[in-house]
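The values are calculated or read from the model by the stated rules, or taken from the named source; none is laboratory data. Small disclaimer: the values here were computed from a predicted structure and weren't measured. Positions of Cβ are generated from backbone atoms using ideal geometry, with glycine treated the same way; all protein chains shown enter the neighbour counts. Accessible surface areas use protein heavy atoms only, side chains included; no ligands, DNA or RNA. Shrake-Rupley method; radii C 1.70, N 1.55, O 1.52, S 1.80 Å.
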Amino acid sequence: MKRSKIFFGVSILISFAMIIAVLYFEQNIRAAGSLEITTTAIDEGQVNQPYFYKMQTNGDVTSQDDGADSWQFVTPTNAEMLTNYGLSIDFHDGYITGTSIKSVLNLPVTISCEIDSGGEFSPDQKTYYLTIAGILRFDSGPHNPTDSTVMKGQSRVPAIQLQVQAIGEDIEISRLKFYGLGTGSDSNDIKEVNVFLDLDNNGAVSPGEVPLIPAVTYSTEEGFLNSVVTMSFGSNILRIDSSVNNGIRNILITYDFYPTVEANRTFRIAFEKPTDIDYTTLTTSKTYSGALGGGNPYTSNNQMTVEWKPNSADYPPYKGGIITISGDTPSVPTLFMANGGISSESIYVRAGDETMTLPFFCWADTSHTIRLEKVIITDSGSGDAASHLEYAKIYLDIDKSGTLNSGDPEIVTGSIVGDQITFSGINRNVTTPSGLFTDAGTLYFLIAYKFKTTVPILTPPLTFQAYLPSATCVTAKEISFNTTVEVKPDTPSLYGNLLAVNQGVDTSSSGGTTSGPYPIKAQWFDVDTNHVPSQGDTILLTFDTNLSQAVATADNFLLPVLGDALGAGATFGQAAASNGMKITLGVQPIIQVNGTYVNGTHTYGSPSGINVKDTLAVGIVSIYGLTAGPAVNTVDVESAPVSYSSSSSGSSGSDTGTSSSSSVIGDKACLISRTFNENIFFTYLRIFRDFALENNFCRKLIQLYYAL
C-alpha cells in the first residue's frame, strides 16, 4: 500500500512536469512566430513625382513574403489623410502608391496587419511617418528678351527672363549658373551681370526693381570654350513663396557693357541644364539633388528632382535673345561681307543646269556709302571651271531668300580663266546708316554656275565650289572721295555650296509631259542606317529645273508598283538643292530600292518608281512660275551614294534628313561636312579656322597677330 502511494505520487509529479514542459515549448513556439511590422517608420517623397512604398512584416509566421493577409488603418481618418495627398494603400499586399499632390512633414499614419490563421497570432501595428517635399518648376519667362541692338557702354540690358514656381511649399534658390554665347568676349566686354525679380513681369528693369545680390562677372571654363557666370544667393534672398501668385516668380538677368566693346559683336546667355540650379525646400528642409531618406529598399523615392519645362531627355537650354553691339565709324571707310548661308551637304546637280553656288551680303560703316566694284572668286572643286562652266553670273537677291528666283536680276557675267572667275563692273552702292547687317540697306548677292552639257559623269562625280579667298579679292570705293576702302569679311574666306555633277543631260524622248518642271531622279537616304526604307528616311526628288516652291501631298505622286507607299504621315518640302524636293517617309512605307524600275511595271515587289501624277501638282513651281507635271518616263528610286561625312540622324538641315556633321560651339555651327575624299584636307583646315574664330582665347591671339 505504501509502495502504491509512492508510485502514484511519482506519477502525478511526472505528469505535472510533462504538462509544464508542453506548455513551455508551446509558449516558445508561439513566441517565435509572433507577427511584427518590420518596415522602417519613415519615408519621403516629392510633389508631382510617382510614389511607391511597400509595408512589410518579419515574414516568419507564414510562407507569404510579407507574412500578412490583411493591412488596414487603425482609424478611418488615416485613409482620408492619404487620399488628400494623392496616395492610397493596397490592403492585401501593403503597397502605398500614387502621385503626391502636396507636401507634408512627418504625417503620422498608423497601420496594422494580421494573419488569417485561426486567431493564433495577434495583429501588430506601427505608426508610419510620411514626408512629401515640394518641388521647383523651371521655365523660360513669358517676356523673355528677343534679339536686340544696343550701344556700347549700355547698362541694364535685358539678357534673359526665367520663370520659377514653388509647388507644395516655399522654396529658396541658392545658386544659378549661366553660360555665355556669341562672338563677343563675355569676360572682357561685359562689365557686370545683375539679377532682378521682375516684379511687373515686363522683361525689363523698371523703377523700384533693384539687384538681388551684388553684380557678378563671367569667367572662362572648360578649355576656353565656355564663359560661365555663377550667382550665389544667401539666406532669404531668392525665396519663392508658394502661397503668393500661385508660387510663380519671374527672374530677370541683365548685362552692363564696357564702352570699349567692338561694334557688331554679339552676346547671348543660356541656362543649359537642371544641375545648374540649387534649391532647398523650407518646410521639409530638403535640398535639390540630395537624397530622400527612409524606406530603402522598400521604396522607389530616392532623390530630389527639379521640374524642367519642357521636360525632355536632352534638356534643351533656355536662351535669351541675341544682343548685338551697334556699329560705329571706323577710321577708314569700311565694307563688311558675310556668307549668306549654304548647305552643309553636297548638292547634286545635272549637266546643263544653272545652280546657285555662293550667296553673300554686304553692309557698310555708319557714315559712308561704299560702291562694290569687283569680286574675284576661285573654284576649289575637282572639276575645271574653264572647261566645265558655260558661265558664272552674279545676281541681286531681291527677296533675300538665299535662292535663285525668277525675280532676281542679273548684274554681271564673270570672266573665267582657269579656276579663277572675275566679276567686274558690279557697281552697286551700299548704304547702311546703322552700321549693322540687319540694316535695310544691306545688299544680298548670289553667284550662280551654269554647267556645260558636256560635263563628264564620273564616280565620284566632279565637284565645284566657289570661294572668296580673302579681302584682297574685293575692290570697293567710297563714292564721295573715290577712295579705296577697307574690306572686312566676317571670316577669312567665304565658301559656297559644294556642287557635284552626278547626272548628264536628260535624253528621254521629250522629258516632261508639260512645259513645267518634271522629276529626273529619286534618291533614297537611309537616315537610321537600318538598310531598308523606313519611317524618317528621306527621298530626294530632283527636278529638271530650279524650284521656287515645293509644296505637295502624297496624292500628288504616282507610285506605279502595286503595294508601294510613302507611309502614313509622310511630309514634303523644299530641299537644300534648289531643284529638289525632300520627301520624309511616314509610318510603314513600302519602297523597294534594290534593282532598277522598268517603265510600265506594276507587279507587286518590283523595284520602285515615282512620278508626278497627271493632275498637276500645283504646289511644285519652277523659278519661272510653271507648275510641275509628270515625266515621260517614271524615275527609279535608287539608293543614294554613301557619304564620307559622319552624319547623325535627326536634323532637317539637309536634303538627306541627316545632320550636317557640324561642330557646334556656343550658338554657332562651324561647317565641317564635305562628301568626297579630295576635300578632307580642306575640311580640317576649315574646322581649325572656325574653331579659332569661335574661341575667345584664339580670337585674342589672332588680334595680337594682326596688331604686330
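A few points about this structure:
- Subset of segment 359-389 (residues that are in a strand (DSSP E or B) and closer than 16 Å to Gly418 by Cβ): Ile376, Ile377, Thr378, Asp379, Leu389
- Qualifying residues in segment 493-514 (those that are open to solvent by 50 Å² or more (accessible area, probe 1.4 Å) and modelled with pLDDT under 75) - the one nearest to Asp379 (Cα to Cα): Val505
- The residues in segment 331-353 that are among the acidic types (Asp, Glu) and at pLDDT below 75 can be counted, and the count is 1.
- Looking only at residues of segment 261-283 that are among the hydrophobic types (A, V, I, L, M, F, W, C) and farther than 24 Å from Gly247 by Cα, we find that the one that is most open to solvent (accessible area, probe 1.4 Å) is Ala263.
- Any chance Thr453 is hydroxyl-bearing (Ser, Thr, Tyr), open to solvent by 70 Å² or more (accessible area, probe 1.4 Å) and at pLDDT below 90: yes
- Restricting Asp490, Asp528 to those that are open to solvent by 30 Å² or more (accessible area, probe 1.4 Å) and closer than 30 Å to Glu373 by Cβ reduces the list to Asp490.
- Within segment 602-628, considering residues that are hydroxyl-bearing (Ser, Thr, Tyr) and within 21 Å of Asp408 (Cβ to Cβ), the one most open to solvent (accessible area, probe 1.4 Å): Tyr624
- Filtered residues of segment 140-171 (kept if farther than 14 Å from Leu252 by Cα, open to solvent by 20 Å² or more (accessible area, probe 1.4 Å) and not small (Gly, Ala, Ser)): Asp147, Thr149, Met151, Lys152, Gln154, Gln165, Ile167, Asp170
- Segment 395-437, subset in contact with a Gly (Cβ under 9 Å, 6 or more places away or on another chain), among the hydrophobic types (A, V, I, L, M, F, W, C) and open to solvent by less than 50 Å² (accessible area, probe 1.4 Å), residue farthest from Val150 (Cα to Cα): Ile421
- Criterion applied to Asp314, Asp328 was being open to solvent by 40 Å² or more (accessible area, probe 1.4 Å), at pLDDT below 80 and under 30 Å from Thr483 (Cα atoms), and the one residue passing it is Asp328.
- When residues of segment 518-567 are limited to those that are over 30 Å from Phe451 (Cα atoms) and hydroxyl-bearing (Ser, Thr, Tyr), the one nearest to the chain's Cα centre (by Cα): Thr529
- In segment 470-482 there is at least one residue that is over 18 Å from Pro359 (Cα atoms), modelled with pLDDT of 75 or more, surrounded by 17 or more Cβ atoms within 10 Å (Cβ to Cβ) and among the acidic types (Asp, Glu).
- Restricting attention to segment 629-641 and to residues that are outside any loop (DSSP other than H, G, I, E, B) and modelled with pLDDT of 85 or more, the residue that is surrounded by the most Cβ atoms within 10 Å (Cβ to Cβ) turns out to be Ala631.
- Top-ranked residue in segment 339-393 [being of a type in the set (Phe, Trp, Tyr) and touching a residue at least 60 places away in the same chain (Cβ under 8 Å); ranked as surrounded by the most Cβ atoms within 10 Å (Cβ to Cβ)]: Phe360
- Residue in segment 589-601 that is touching a residue at least 12 places away in the same chain (Cβ under 8 Å), assigned to a strand (DSSP E or B) and open to solvent by 20 Å² or more (accessible area, probe 1.4 Å) present: yes
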